[in-house]
Amino acid sequence: MLNIMDTQYIQMTVICLLCFWTMGLAADLRCNDMYEKDGRCCELCPPGKFLKKHCTTHAKTDCGDCPADSYSEFSDRVENCQPCLKCQQVYARACTSTANAICLCGSGFLCSDHVCSNCEKEKKCRKGEELKRTGSREYTWKCVPCPNNTYSDTEQGHCKPLTQCDTHGFIVIFPGNKTHNSKCGIHEQGNKEDGHYILAIGFFFFAVVLLVFLTYACIRRIRHKPNANIHGFPLSKEESGSQLIQQAETKDNASQILLSMASISTV
């Protein structure tokens, strides 16, 4: 067990460390956007430069320009600049003294690290598979089976969710699998109801057209009836024959119209 002297020693050590930490924090707060060195506040080097010498009582901070193929993105007191990123294929942005390069891979290739500085040829997966990345900062791609309730019907390596027929009010004709999407259909009861509805509309229009035709035929018959014996004398044989022919033609026309309407209603 620790004796009293050891305990006091540990307490004093902790107190001293806290004091030093508090003093350093206070100095940083006092310097604001500068940094503290030997009790003095020194200026930070701006982006594109690095620290050569700390400030002194008689001189400011000495900063130098970043050499070629290096950069410094923020105001800092680092003593060297960061090396620029080297792209294997495409430079989306060239490296400058204040910003790093941005890399991309060309068509048909995939990035094989987190900054896309290296590329690998895109793989073609079989139907029912998708491309999956393995690794964090440096990684590769491989084909894996599609997860449950998804499918892939191409070689592009992208799995899509299966269509859920019941959520859209349809019945399942084919449930789908790893390589084909679900197929949905309409409920049979709905088909019958729709058919009855269409048939009822057809009969309604047929009845309306038939009523209009019969009304027109009656009006025409009434209009022609007084002309048959307008002077009270019987018609001659020729006139009677012409009237009979006219009536027969009217009946034939009416029959043809009724047959046409019946065939349209049946269709």
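The values are calculated or read from the model by the stated rules, or taken from the named source; none is laboratory data. Computed from a predicted structure; not experimentally measured. Here the Cβ positions follow ideal geometry from the backbone for every residue, glycine too, while neighbour counts run over all protein chains shown.
Restricted to region 154-163, and to residues there that are within 22 Å of Ser107 (Cα to Cα), of a type outside the set (S, T, N, Q) and surrounded by fewer than 14 Cβ atoms within 10 Å (Cβ to Cβ), the residue that is nearest to the chain's Cα centre (by Cα) is His158. May I ask you to list the residues in region 111-126 that are in contact with a Lys or Arg (Cβ under 8 Å, 6 or more places away or on another chain) and loosely packed, with under 14 Cβ neighbours inside 10 Å? Within region 111-126, just His114 meets the criteria.
Summed over region 75-130, the residues that are in contact (Cβ under 8 Å) with a residue 12 or more places away in the chain and part of a loop (DSSP other than H, G, I, E, B) give a count of 35. Scanning region 148-175 for residues that are modelled with pLDDT under 80 and in contact with a Leu (Cβ under 7 Å, 6 or more places away or on another chain) yields one hit, Gly157. For region 171-178, state whether one or more residues are crowded, with 17+ Cβ neighbours inside 10 Å, out of contact with any His (no Cβ under 7 Å at 6 or more places or on another chain), touching a residue at least 24 places away in the same chain (Cβ under 8 Å) and farther than 30 Å from Asp33 by Cβ. Yes. Would you confirm, using the coordinates I've provided, whether Thr96 is modelled with pLDDT of 90 or more, among the β-branched types (Val, Ile, Thr) and within 29 Å of Cys41 (Cβ to Cβ)? No: the conditions fail for Thr96.
For region 127-158, residues that are of a type outside the set (Phe, Trp, Tyr) and touching a strand residue (DSSP E or B) at 6+ places or on another chain (Cβ under 7 Å) total 20.
If only residues of region 176-234 that are assigned to a helix (DSSP H, G or I) and of a type in the set (Ser, Thr, Tyr) are counted, the one that is modelled with the highest pLDDT is Thr215.
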